[in-house]
Amino acid sequence: MTRLDRRRTTAGAMNVVVVVISLLLRPRGSSGFSPPARRRGRRLRSPSRHVDRPPVAAARVPKAIVDVDDDVDRIEFPSNNDDDDVFVDAIGGGGGGGAGGGTPRAGTQGGLSATVNLCKCICGAGSFALPCVFLREGVLGGTLAMLLCGYLAAFTMRSINESRTSVSAMAVARMSSDDGNGLDGTDLLPPPPPPSSYVELADVALGGMASRAVFALTLAASLGVCSTYIAFIGQTLASLSSDSVSNNVVRVLAPDADESTWETITAAIVLPLCSIRNYGVFAFTSALGVVAVLVGMTTTLAYGTFVDPGGGIVEALSAASHMRMWPISPRDAFGGSFGTIAYLFCVNFLTFPIINSMEDPDKDYDGAVSTAVAVIWIVNVVFAVLCLGFYGDDTQDLILRNLGNGPYLSALKLLLCVDLLFTFPVVFSSGRQILENALVPNGNLKDAADDGEETQTVAFSRAAITTGAVAMCLGLSQLGGFGTVANLVGGVAQGTLAFVLPPAISIALSRRSRNDAGFDIDEIPQWLVGGFGIAVVVSVAYSTLTESLR
């Protein structure tokens, strides 16, 4: 694919993104999509179980339906949906699901289990791009950038948990101050639970436009992460295919195939996988993914220590100490690579299912977040510094390209690619479901669910949406290598969900709780985080797009 063709493909993909996001942000009633809106009988629940299903299913709990006078009308018990339980198993979460007959089932995870699941969410392919980030930002600059991003990501994840708890507390306060105009027996009802999704929290705190923005950003994050998987696989297989020395299996089967060819083949392979709706098929990817990443990082360090360049860890640390300590320009420090760090740490849109699966999130969640972020930070800083010491200025944007392609190393790279192939449909599913509810009339989806079978129209629509979304992922992967795409996705979509919206939600709820719309000094940390988030989003978007289109 020529550079002109790559630009045309990228432009086409960006046009599709603009059209889809405009549909998602269209006011209620202008299309088949019905995003959450403020109306009489506000529901403290996700507006649609089909739309807002992040990559781990949320626990089902009774929902208090509150009218505009803040009186509790009734308690609603969501119906049992076994697909959600299978979906949890596919990711490695837990605690979701409901018993038959509408009886809710509370979360069962403790702090340790939540810490492990958070580590699973954070740990991933982004680790293999961090050595190049340290090359651009400098050893100390990269370390501080990792520290800042990890700290702020943990801060906003804890802020989200506090916000959801404050929503419930305010509802309880309103119930306790009821003047007697509510329903008979209201005092016997359980208090309304906290919001169980990011969309629900945004709707309660900021209104319908914010909740639609969360939908759009979740779509962008879902498809954007999938596009990084395509770029990762394309780069890795292209490096194997072009190696005439090792004569590896990929070289034998497809000699000298370039990245674009492999990316197109990858898209063709994942397309039928993305049509599978039983997520239990992919349950093995949770354990396989963690094992593949840890083995990959360990093997990379062992290869650099004993084979190429060799010399051991002490020599690598000495070499790293002679590398540049700080970035050459603010563009390198902020717009050019900070998004890749955010791609790793900013998993805020995945945390609600983990919160919902916990037995006591108010007690255990904050500690689980701090522990998970600290562990991942330490492991990845050590990994990035050592790799930079091994390969210096020759560090590639995907560190696996610095490794040889012998039999064992080739097998490792293929293992990582296979893991991403089967992880792709699970991550892709949340974006696909958002698109289906935005583009397919809700009545058709409901009828298909009620009848237990799909009509030809619904089946064709779903197939077309899946094909178009996979094509969109392929187009986004053409923006550049894995590091470039990860920087854009992490800095814009994940950065907004992590650094911009949580402070806005916290400030809005704080002012509402004290019945004062004025500024309060306690808001300063949230304003600082929000301003930082806006700067990250703008600078990363500008830097990445100008570099890719140059």
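Name every residue in the range 304-317 that is surrounded by 17 or more Cβ atoms within 10 Å (Cβ to Cβ) and touching a Pro at 6+ places or on another chain (Cβ under 9 Å), in order of residue number. Correct list: A316 only.
Of all the residues in the range 298-332, those that are in contact with a Cys (Cβ under 7 Å, 6 or more places away or on another chain) and either on the phi > 0 side of the Ramachandran plot or aliphatic (A, V, I, L, M) (or both) number 0. Scanning the range 197-251 for residues that are outside any helix (DSSP H, G or I) and surrounded by fewer than 24 Cβ atoms within 10 Å (Cβ to Cβ) turns up G207, S242, D243, S244, V245, S246, N247, N248.
Can we say A320 is touching a residue at least 40 places away in the same chain (Cβ under 8 Å), open to solvent by less than 10 Å² (accessible area, probe 1.4 Å), over 30 Å from A498 (Cα atoms) and of a type outside the set (S, T, Y)? Yes.
Residue-wise test of (1) modelled with pLDDT of 85 or more; (2) within 25 Å of T236 (Cα to Cα); (3) touching a helix residue (DSSP H, G or I) at 6+ places or on another chain (Cβ under 7 Å); (4) of a type in the set (A, V, I, L, M, F, W, C).
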residue	(1), (2), (3), (4)
M297	yes, yes, yes, yes
T305	yes, yes, yes, no
L317	yes, no, yes, yes
H322	yes, no, no, no
S329	no, no, no, no
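Whenever a residue of the range 394-414 is closer than 21 Å to R324 by Cβ, its partners that are of a type in the set (V, I, T) and assigned to a loop (DSSP other than H, G, I, E, B), lying with C-beta atoms within less than 9 angstrom and at least six residues away or across chains, give the pairs N402/T395.
Taking D256, is it charged (D, E, K, R), open to solvent by 20 Å² or more (accessible area, probe 1.4 Å) and in contact with a Ser or Thr (Cβ under 8 Å, 6 or more places away or on another chain)? The answer is yes for D256. With respect to L435, is the statement that it is open to solvent by 10 Å² or more (accessible area, probe 1.4 Å), of a type in the set (A, V, I, L, M, F, W, C) and modelled with pLDDT of 85 or more true? It is false that L435 is open to solvent by 10 Å² or more (accessible area, probe 1.4 Å), of a type in the set (A, V, I, L, M, F, W, C) and modelled with pLDDT of 85 or more.
Got at least one residue in the range 333-351 being part of a helix (DSSP H, G or I), open to solvent by 40 Å² or more (accessible area, probe 1.4 Å) and at negative phi? Checking the range 333-351: at least one residue is part of a helix (DSSP H, G or I), open to solvent by 40 Å² or more (accessible area, probe 1.4 Å) and at negative phi.
Could you tell me whether the range 164-171 includes any residue that is surrounded by 19 or more Cβ atoms within 10 Å (Cβ to Cβ), within 20 Å of the chain's Cα centre (by Cα) and modelled with pLDDT of 90 or more? There is at least one residue in the range 164-171 that is surrounded by 19 or more Cβ atoms within 10 Å (Cβ to Cβ), within 20 Å of the chain's Cα centre (by Cα) and modelled with pLDDT of 90 or more. It is to be established whether one or more residues within the range 489-504 are touching a helix residue (DSSP H, G or I) at 6+ places or on another chain (Cβ under 9 Å), without any contact (Cβ under 8 Å) to a residue 24 or more places away in the chain and either closer than 21 Å to R136 by Cα or assigned to a helix (DSSP H, G or I) (or both). Looking for residues that are touching a helix residue (DSSP H, G or I) at 6+ places or on another chain (Cβ under 9 Å), without any contact (Cβ under 8 Å) to a residue 24 or more places away in the chain and either closer than 21 Å to R136 by Cα or assigned to a helix (DSSP H, G or I) (or both), one finds none in the range 489-504, hence no.
For A283, the conditions (1) of a type outside the set (S, T, Y); (2) at pLDDT below 95; (3) open to solvent by 60 Å² or more (accessible area, probe 1.4 Å) are fulfilled apart from (3).
Okay, residues lined up against (1) open to solvent by less than 30 Å² (accessible area, probe 1.4 Å); (2) on the phi > 0 side of the Ramachandran plot; (3) touching a Leu at 6+ places or on another chain (Cβ under 9 Å); (4) not aromatic (F, W, Y):
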{"site": "V485", "(1), (2), (3), (4)": "yes, no, yes, yes"}
{"site": "G491", "(1), (2), (3), (4)": "yes, no, no, yes"}
{"site": "P503", "(1), (2), (3), (4)": "yes, no, yes, yes"}
{"site": "G518", "(1), (2), (3), (4)": "yes, no, no, yes"}
{"site": "V529", "(1), (2), (3), (4)": "yes, no, yes, yes"}
{"site": "L549", "(1), (2), (3), (4)": "no, no, yes, yes"}
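The values are calculated or read from the model by the stated rules, or taken from the named source; none is laboratory data. Given the structure is predicted, the values throughout are model-derived calculations rather than measurements. Positions of Cβ are generated from backbone atoms using ideal geometry, with glycine treated the same way; all protein chains shown enter the neighbour counts. Areas reflect the complete protein model, heavy atoms only, side chains present, ligands, DNA and RNA absent. Shrake-Rupley method; radii C 1.70, N 1.55, O 1.52, S 1.80 Å.
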